[in-house]
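Chemist: Just dropping this structure here.
The values are calculated or read from the model by the stated rules, or taken from the named source; none is laboratory data. Remember, it's a predicted structure, so these values are computed and weren't measured experimentally. Because the Cβ atoms are built from the backbone with ideal geometry, glycine has one as well, and the counts that use them run over all protein chains shown. Ligands, DNA and RNA are excluded from the accessible area calculation, which covers all protein heavy atoms including side chains. Shrake-Rupley method; radii C 1.70, N 1.55, O 1.52, S 1.80 Å.
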Amino acid sequence: MQNALAFADNDVIVIAWSYGRKLPSCMGFAIYRIDAEGKETALPSMAVFPGTQRKPGQTTEQFPIQKFYWKDPYARLIAEDGGSRTFRYKIVPLEGKPGQLKPMRIAFAISNAVELTPQIAPGLRAYFNRGLISTQRISRAMDGHPEKAALLKAVAEPDNALRKSLAGDMIAALLDFVARADGGGTLHAALYELGDEQLISALEGAGKKLRLILSNPRASDAQSSGGVTDGNQDARQRLHATAGVMIDRMVTSNHIAHNKFMVYVDAKGKPQAVLFGSTNWTSTGLCTQTNNTIVSDDAALAKRYLDYWNRLAKDTMDAGDTPKALQGAALRAWDGKSKVVKLADGAGATATSWFSPNTPKQRGRSRVDEPFPPDMEEVAALIAGARQAVLFLAFYPGTPSVVNWVGQAQKANKDLFVRGCVTNPSAAAGFLYELQGVEPPKRQKGSPPEKQDPRVISAKALTGAVPAGWEKEILSAGFAVTHDKIIVIDPFSDDCVVITGSHNLGYKASYNNDENLVIFKGQHALAQAYATHVLDIYDHFSWRWLVQTQGQRKADAMLALKPDDWQGKYFDDKGNITSAQLKFWLGAAPAA
């Protein structure tokens, strides 16, 4: 019995399918995208059979997909050109010899229709950028010599095509929210990094309607005074001249005021909407690292963020010119209590709001018997209660963190589907140490790379051993690669959870940083969109991780000449699914 399911966020579509068993003589699948008008287009392919050469324009009709799940990043190009945003997919099994393939005499599968859109519910949108620069597309755009300086220059130019492509819908998401004040009302924002010219200009255009708390991210070339450095110096000077309220929140070292949120308050003084997530307001945040942004029109959630903004403003004023007095007892006590908001989506979904710092004191030097921060205690409990899956993306969460709690959950439930990708290699290694029940070794200069479990990996680019015809890739154009702070739990269940915000998902953020975190429960469409994003990023880096850790054998990526050689990775001879990721995607069948 054939079955095909499609999933989407605002940027990419994933398709998974099954015929319930291996298909004798099947050499792979031709996959066709079907738009809203019924037009069918064969998807491009990359891999080729041994003895053949990769050629521009080749499709899955000649070089089929030898997997049971695939993603289509090209549909967004059609959507951007003003074409269809809604698609279905036809999966056609092929048989025969290379160069002479034809459809098998069994029924093809047709997926459900999905739409490339940030719209999750009437008052809820989720945006993901395309901040993956370790791609052949970027390498080709830079003539096979991707360089950090040239890329940073390109993505900083407002009209640059590469900037627009990498940012995707994210620039419009931020600019459209700022534009809400055009009809009256005010914008209350708390930002960590502000360095993109287009965004700074938009905030200048908001004039006196803008109330901004602007922090001081670290900058190697910034002036230092009393342990305080400022990477936002230029934007700060400009906005002091235009904003209605401009508050400089200059925290000391080992603390960061890490928020990236904005609240729209209407002309009657009522909070109406809030924007938050992991996206810093910089060209790198938009374009060269993975990020997500939520826009919620829920008035109760907006009020919660406005209340926090007011607390941050008061804490800053109370501290005066003494940075060490910031994050005082009153702010910490208020942050230590969460609030649950019932979302107006008609499905009973809720959003639990947390803010940081939420411990009585900043983090001490001793880690012995360190109290569990209340927000992370809830996060760890949700992970421990996962029944089917935990997916996550993080930058550098520190320790203890999401990596440890997911490791504990995997250890307790070997059937739990776990996939995670982080920027920092030691964070990925922490998952393996947790599974092994050992303490991480002390790192010394010159130590060999720490081992990682393939379920939780650090981001890597193609360097050294690469497939024939591929270009060397650039991994990063800044400090972060995966900058999302996302956890998705059991996305296809009634108890689905999405955790997102600015919080780095570890103890340090709760103890020492200004942060915001929202735990969405029961919002099925949101959970599936976030699951699509997480596995899109994980899959992108997992193959590159294999190539870099296991060598040229993994880089060849040739199609198999015998049906059982590739189908055996997905099904056994009795028709049982042996691929964990295929089993995960097909687990959505009842919900779909």
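Chemist: Rounded to the nearest whole Å², what accessible area per residue is found for the chain with the 1.4 Å probe?
Modeler: Spelled out: the 1.4 Å probe surface of the chain, per residue, equals 42 Å².
Chemist: Treating only the Cβ of Lys, Arg, Asp and Glu as charged (+1, +1, -1, -1), what charge dipole size does the chain show about its Cα centre? Round to the nearest 20 debye. Don't jump to the answer; show the numbers that get you there.
Modeler: On the way: 68 positive and 60 negative charges, 187 e Å.
Using only the charged Cβ atoms, the result is roughly 900 debye.
Chemist: Also: Only four residue types carry charge here, +1 at the Cβ of Lys and Arg and -1 at the Cβ of Asp and Glu. Report the dipole size of segment 373-477 about the Cα centre in Debye, rounded to the nearest 20.
Modeler: Dipole magnitude for segment 373-477 comes out near 340 debye.
Chemist: Tell me, how many Å apart are the Cα centres for segment 24-80 and for segment 302-348?
Modeler: Using only Cα atoms, the two centres lie 49 Å from each other.
Chemist: Here's another thing I want to ask about it. For segment 245-255, what does the Karplus curve 6.51 cos²θ - 1.76 cosθ + 1.60, with θ = phi - 60°, yield as ³J(HN,Hα) per residue in whole Hz, taken in order and with x for Gly and Pro?
Modeler: Calculated HN-Hα couplings, in order: 9, 10, 10, 8, 9, 9, 7, 7, 4, 6, 10 Hz.
Chemist: Which residues' amide hydrogens lie under 5 Å from the amide hydrogen of S458, considering only partners 5 or more residues apart or on another chain, with H built in the peptide plane?
Modeler: Result for S458 returns V422.
Chemist: Round to a whole number: what % of the accessible area of segment 344-412 belongs to carbon and sulfur, probe 1.4 Å? Please report the intermediate quantities before stating the final value.
Modeler: Values: 1670 of 3110 Å².
The value for segment 344-412 is 54 percent carbon and sulfur by accessible area.
Chemist: For segment 1-104, what is the largest minus smallest coordinate of the Cα atoms on each principal axis, given in angstrom and ordered from greatest to least?
Modeler: The principal-axis extents, from largest down, are 39, 34, 21 Å.
Chemist: Suppose R0 equals 60 Å; then what is the FRET efficiency for K445 and A300 from their Cβ-Cβ distance, rounded to the nearest 0.05?
Modeler: Values: r = 51 Å, r/R0 = 0.85.
That pair, K445 with A300, gives E of 0.75.
Chemist: Separate question: For a quick check: with amide H placed at 1.01 Å from N, whose amide H comes under 5 Å from T59's, ignoring anything fewer than 5 positions away on the same chain?
Modeler: Residues meeting the amide H criterion: S45.
Chemist: Can you check what the net charge comes to around V48, using other residues whose Cβ is under 10 Å from the Cβ of V48 (Lys, Arg +1; Asp, Glu -1)?
Modeler: Taking every Cβ under 10 Å from that of V48, the sum is +2.
Chemist: Per the helix-only calculation at 222 nm, which mean residue ellipticity applies to the chain, given -39500 (n - 2.57) for every DSSP H run of n ≥ 4 and division by its residues, nearest 500 deg cm²/dmol? Kindly include the intermediate steps, with their values, before the conclusion.
Modeler: Working: 18 runs with 170 residues, N = 592.
Result for the chain: -8500 deg cm²/dmol, rounded to the nearest 500.
Chemist: Distance cut-off 25 Å, Cα to Cα: go down the list K324/K485; K102/K569; K67/K485; K414/K451 and report the pairs above it.
Modeler: K324/K485; K67/K485
Chemist: Looking only at segment 4-18, which residues have a backbone nitrogen under 14 Å from a spot 7 Å from the Cα of I106 in the C-beta direction?
Modeler: What the label zone holds, given the 14 Å backbone N cut-off, is 4, 17-18.
Chemist: Something else: Please report how far the C-alpha centroid of segment 558-590 lies from that of segment 118-151, rounded to the nearest whole angstrom.
Modeler: With segment 558-590 and segment 118-151 each reduced to a Cα centre, they are spaced 30 Å.
Chemist: Same structure, new question: Give me the Å³ per residue figure for the convex hull around the C-alpha atoms of the chain. Before the final figure, lay out the partial values.
Modeler: Details: hull volume 94.0 nm³, N = 592.
Residue-normalised Cα hull volume stands at 159 Å³.
Chemist: So for the pair S25, D159, with labels modelled 7 Å out along Cα→Cβ, what separation do we get in nm?
Modeler: 5.8 nm
Chemist: Hey, which aspartates and glutamates would be in cross-link range of K339, C-alpha to C-alpha under 13 Å, not counting anything within fewer than 8 residues on its own chain?
Modeler: Of all the aspartates and glutamates, those that pass the test against K339 - Cα under 13 Å, at least 8 places apart if same chain - are D307, D375, E378.
Chemist: Next question. List, in order, the whole-Hz ³J(HN,Hα) value for each residue of segment 193-203 obtained from phi through the Karplus relation with A = 6.51, B = -1.76, C = 1.60 and θ = phi - 60°; use x for Gly and Pro.
Modeler: 10, 9, x, 9, 4, 4, 6, 4, 4, 5, 5
Chemist: Subtracting the Cα-Cα distance from 0.36 nm times the residue separation, let me have the gained length for E80 to D572 in nm, one decimal.
Modeler: This chain segment gains 173.0 nm when fully extended.
Chemist: Please work out how much length the chain gains when fully extended from T399 to K562, using 0.36 nm per residue of separation minus the C-alpha to C-alpha distance, in nm with one decimal. Intermediate results must be reported in sequence, preceding the final value.
Modeler: Working: separation 163, 0.36 × 163 = 58.68 nm, distance 4.60 nm.
Net length gain for the segment: 54.1 nm.
Chemist: From the phi angles alone, apply the Karplus equation (6.51, -1.76, 1.60; θ = phi - 60°) to segment 35-51 and give each ³J(HN,Hα) in whole Hz, x where the residue is Gly or Pro.
Modeler: Each residue's phi maps through the Karplus curve to give 7, 5, 8, x, 6, 9, 9, 5, 6, x, 10, 10, 6, 9, 6, x, x Hz.
Chemist: Once the dipole of segment 74-191 is set up with Lys and Arg at +1 and Asp and Glu at -1 on Cβ about the Cα centre, which of L151, Q119, I106 lies farthest towards its positive end?
Modeler: Going by the Cα projections, it comes out as I106.
Chemist: Mind checking the full-extension length gain between K208 and K324? Use 0.36 nm per residue of separation minus the Cα-Cα distance, one decimal, nm. All intermediate terms of the calculation are to be shown ahead of the outcome.
Modeler: Working: separation 116, 0.36 × 116 = 41.76 nm, distance 2.98 nm.
Residue separation times 0.36 nm, minus the Cα-Cα distance, leaves 38.8 nm.
Chemist: To the nearest Å, what is the center-to-center distance of segment 383-408 and segment 478-555, using C-alpha atoms only?
Modeler: Segment 383-408 and segment 478-555 have Cα centres separated by 9 Å.
Chemist: Taking Rh as the Kirkwood radius computed over C-alpha pairs, what is the Stokes-Einstein D of segment 460-523 at 25 °C in a medium of viscosity 0.890 mPa s, expressed in µm² per second?
Modeler: Rounded to a whole number, D works out at 164 µm²/s.
Chemist: Moving on to the next point. In what sequence, highest mean first, do 383-391, 439-447, 171-179, 572-580 appear when ranked by Cβ atoms within 10 angstrom?
Modeler: Top of the packing list down: 383-391, 171-179, 572-580, 439-447.
Chemist: Also, I was wondering about something else. Could you work out the relative contact order of segment 1-148? I mean the mean sequence separation of Cα pairs under 8 Å and 6+ apart, divided by the number of residues, in percent.
Modeler: Relative contact order for segment 1-148 comes out at 30 percent.
Chemist: For every other residue with a beta carbon closer than 13 angstrom to the beta carbon of I486, add +1 if it is Lys or Arg and -1 if Asp or Glu, then tell me the sum. Intermediate results must be reported in sequence, preceding the final value.
Modeler: Details: positive: R419, K485; negative: D9, D484, D536.
Charge balance in the 13 Å sphere: -1.
Chemist: Quick one: compute the contact order of the chain, relative version, from alpha carbon pairs under 8 angstrom and 6+ residues apart, as a percent.
Modeler: Details: 1318 pairs, mean separation 97.7, N = 592.
Computed value for the chain: 17 percent relative contact order.
Chemist: What nm distance separates the two modelled labels at A241 and D415, each placed 7 Å from Cα along Cα→Cβ?
Modeler: Reported label-point gap for A241 and D415 is 6.5 nm.
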